[in-house]
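> Could you have a look at this structure, given as structure tokens, before my questions?
The values are calculated or read from the model by the stated rules, or taken from the named source; none is laboratory data. From a predicted model like this one, the values you see are computed outputs, not experimental measurements. Using ideal geometry, Cβ is built from the backbone for each residue, glycine included, and neighbour counts are taken over all protein chains shown. What goes into the accessible areas is simple: the full protein's heavy atoms, side chains included, and nothing from ligands, DNA or RNA. Shrake-Rupley method; radii C 1.70, N 1.55, O 1.52, S 1.80 Å.
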Amino acid sequence: MLRRSNKRKFSKKELRAQRKHDTDTPTEVVSVPAKTRSQVKIEIPRLITVAELANLSSRTPAEIVGALMRNGVLATVNDSIDRETVEIIADELDLEIHAESQVVPSMQKISGKAQSETRPPVVVVMGHVDHGKTTLLDAIRKTNTVASEAGGITQHIGAYQVQWTDNQDQIRPITFIDTPGHEAFSAMRAHGATITDVAILVVAADDGVKPQTKEAMSHAKAANIPIIIALNKIDKKEANPDRVKGELAELGLAPEDWGGKTPLVRISAKHSQGIDDLLDVVLLVADLQDLRAQTQGQAEGIVIEANKQQGVGPVATVLVQSGELKIGDAIVLGPIFGKIRVMENERGQRYTKAGPSTPVRIAGLSGVPAFGEHLKVCQNEKEARQLAQKAGLKKRLKHVTHQSQETEKERSLAIIVKADVDGSLKAIKTSLEAIEIPDVEVKVILEGVGDVTESDINIGTSLGQPYIVAFRTGATVAARHLARTNNIEIHSYDVIYRLIEDVQKSAEHLHLPIQILTEIGRLKVLKIFRTTKTHQILGGRIEQGRIVKSARVTILREKEILGTGIIESVQKGQEAVAELHAGEECGLGISTTETIQIDDVLVIELAEKA
């Protein structure tokens with residue numbers, strides 16, 4: 001646990017922004033002396049130019065440009081910045097920022113009919129493994145009575161849309177998210193987003209409610225979306241609908257024919273029975289929500305799948321949430337930007353434009369965006385590139401700040417426990433929550449019987465670095481892959497006392513003194529001698545302070561944080577030394593995965609106990 005400071009401890013305000021990088025103050029930025037002034041409350045749109053912000057806030061453009069510079073953002077008076085960037089510098093400029101009131105949130109159930117139009121519902125199919133989710137999705141595709149199925153090969157793009165003719169002979173589109181239901185929900189929640197309007201909970205009539213059924217139901221309820229029960233395999237001899245209805249009622253999902261409020265449709269996905277009734281109920285539930293979105297203007301959306309495709313490059317499946325996405329649009333998706341060259345559906349049919357609730361796969365991106373990343377349309381590619389660069393910087397700053405912040409409140413060790421049986425689960429939870437470490441709270445935030453799943457990892461990711469326990473059980477292949485991607489370890493145990501001992505040690509580690517990273521000097525890189533994947537040998541001049549062997553370095557390029565490293569060796573001529581001071585030139589061996597270049601600045605830091 002490290003906290004960084006610039007020759008002294010940072011205040012909360014400074015930690016909220018970026019550390020000040022004042023190596024080379026540009027001559028064109030006018031320094032404005034601080035004044036005593038009252039706080040100004042302003043409403044700003046999603047994007048605003050520096051000049052517009054200055055006019056709106058009664059601050060000079062020089063003040064705003066200077067504040068941006070000090071927080072690592074390079075911008076001129078005519079450049080656009082987003083609301084999040086303004087929030088970073090708000091305290092420094094004595095501004096209270098609010099979102100512009102007339103901005104309509106995307107994918108919301110809104111009532112402003114003059115500003116919006118009815119949009120198709122977005123549906124997710126969830127349920128226990130082997131209860132028929134995939135079979136149902138396939139049956140719905142085949143039941144698509146209007147869309148042409150000729151000449152296309154269905155590709156997996158994470159979502160698809162069917163055109164359904166309702167009881168009034170109106171053609172109604174319905175969008176289905178074609179990803180594992182509860183995994184999609186938990187991952188979206190980890191990214192702070194909810195994209196679906198209706199959940200179809202598939203329950204086998206011969207098997208009843210199972211652990212994943214309960215998990216899927218809890219995710220749908222947490223997302224506050226209506227649930228429709230698809231009682232599948234109703235054609236089987238072993239089917240017992242009344243027993244299953246009773247189990248559902250115990251979970252708070254009493255069917256309508258039992259006096260409850262949950263729609264239930266009897267289906268056989270294998271034989272395509274009851275699919276018509278199910279889709280009619282989906283539209284009925286959607287109509288009761290009055291789903292609307294803006295259909296004109298610049299589009300916004302969310303990434304639901306992304307990968308690199310051979311011969312095409314990075315591609316992403318995006319669900320449009322508002323506005324109209326068009327071929328040629330310049331877009332930004334977090335730290336990724338691009339210009340849409342190709343837009344198609346799951347059958348490879350090309351689109352020139354796409355409206356709300358439409359899933360499309362797009363190509364023309366600078367890289368592969370993250371799942372759950374938001375898409376925004378920009379005025380041009382230059383603006384998209386600038387916003388992507390700023391988003392990348394913010395992501396790194398957020399990571400640095402998360403590592404740096406000293407927790408003033410009680411620290412918490414979040415634990416996720418999966419076990420083979422319910423009895424073991426209860427015993428483990430009781431034992432873990434009985435652990436007492438000063439100023440550290442040990443808390444089981446998720447528990448369940450069965451393997452560790454993708455859903456567990458996604459929920460854990462949203463909490464930072466949880467301690468995930470698998471007691472006499474395993475982890476799915478997808479969960480192990482996702483855990484490796486997020487640098488999360490899954491701890492497996494067969495003996496309870498060893499589990500308790502390890503958790504106790506982790507909690508005690510949180511109680512260790514926090515270390516402060518203090519800047520002691522800066523070096524400018526003059527020459528690169530050798531570069532490998534994990535090591536670089538370079539030469540440079542100490543611009544200020546001193547450098548010390550084994551110190552940590554933060555790598556800056558044009559005031560942007562690239563990464564960190566450790567000084568493994570310091571040489572003055574042919575002699576190895578432990579320390580050098582300002583004005584001297586030297587050779588350094590740096591352990592880092594970043595590629596350092598000439599003119600980069602290395603900020604030298606030492607760790608001290610708080």
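> Provide the solvent-accessible area of Ser492, counting protein heavy atoms only and rolling a 1.4 Å probe, rounded to the nearest 10 Å².
90 Å²
> What is the spread of the Cα atoms of the range 194-265 along each of their three principal axes, largest first, in whole Å?
Result, largest extent first: 38, 24, 18 Å.
> What accessible area per residue, rounded to a whole number of Å², is obtained for the range 479-610 using a probe radius of 1.4 Å? Don't skip to the answer; put the middle values down first.
Details: 7030 Å² over 132 residues.
Solvent-accessible surface per residue comes out at 53 Å².
> Where in the range 424-523 are there GluC sites (Glu not before Pro) that are in a DSSP coil and have at most 16 other Cβ atoms within 10 angstrom of their Cβ?
When the GluC sites (Glu not before Pro) of the range 424-523 are filtered for loop state and at most 16 Cβ neighbours within 10 Å, Glu436, Glu489 remain.
> If each of Lys142 and His481 carries a label point 7 Å out from its Cα toward its Cβ, how far apart are those two points in nm?
2.7 nm
> Antiparallel versus total DSSP beta bridges in the range 265-401: what percent is that, nearest 5?
Details: 33 of 34 bridges.
That works out to approximately 95 percent antiparallel.
> Now, a different point. Can you give the accessible area of Arg83, probe radius 1.4 Å, in Å² rounded to 10?
Taking all protein chains as shown, Arg83 has close to 50 Å².
> Computing the accessible area with a 1.4 Å probe over protein heavy atoms, can you report the carbon and sulfur percentage for the range 183-313? Don't jump to the answer; show the numbers that get you there.
Details: 2620 of 5840 Å².
With neighbouring chains kept in place, the figure for the range 183-313 is 45 percent.
> Can you tell me how the range 479-600 classifies by the Cα gyration tensor, rounded, prolate or oblate, using a/c under 1.5 as the rounded cut?
Working: a/c = 2.80, a/b = 2.10, b/c = 1.34.
It comes out prolate by the Cα gyration axes.
> In whole angstrom, how far apart do the alpha carbon centroids of the range 562-601 and the range 307-347 sit?
Here the answer is 42 Å between Cα centres.
> Compute the Cα gyration tensor for the range 272-381, then decide on rounded, prolate or oblate, letting a ≥ b ≥ c be the square roots of its eigenvalues: rounded whenever a/c is under 1.5, prolate when a/b is larger than b/c in the other cases, and oblate in all that remain. Please report the intermediate quantities before stating the final value.
On the way: a/c = 2.28, a/b = 1.62, b/c = 1.41.
Prolate shape, in that a/c is at least 1.5 and a/b is the bigger ratio.
> Right, here's the next one. Could you let me know the centre-to-centre spacing of the range 256-296 and the range 428-484, using Cα atoms, in angstrom?
The range 256-296 and the range 428-484 have Cα centres spaced 35 Å from each other.
> Another question, then. With each label point set 7 Å from Cα along the Cα-Cβ vector, what nm distance links Glu52 and Gln465?
4.1 nm
> For the range 249-322, what is the accessible area per residue in Å², given a 1.4 Å probe and the full set of protein chains? Display every interim value, and only then the final one.
On the way: 3520 Å² over 74 residues.
On a per-residue basis, the range 249-322 sits at 48 Å².
> I would also like to ask the following. Once the Cβ-Cβ distance between His98 and Leu284 is put in as r, and R0 is 30 Å, what FRET efficiency do you end up with, to the nearest 0.05?
Step by step, r from the Cβ atoms, then E = 0.20.
> Label Ser424 and Lys270 with points 7 Å out from Cα along Cα→Cβ: what is the distance between them in nm?
3.3 nm
> Does the range 466-536 classify as rounded, prolate or oblate by the C-alpha gyration tensor (a ≥ b ≥ c root eigenvalues; a/c under 1.5 gives rounded; else a/b over b/c gives prolate, otherwise oblate)? Write out the running numbers ahead of the final one.
Values: a/c = 4.13, a/b = 1.74, b/c = 2.37.
Note, shape of the range 466-536 comes out oblate.
> Could you tell me which of the pairs Lys210/Lys270; Lys426/Lys505; Lys214/Lys270; Lys443/Lys505; Lys221/Lys426 are separated by over 18 angstrom between their Cα atoms in the structure shown?
Lys210/Lys270; Lys426/Lys505; Lys214/Lys270; Lys221/Lys426
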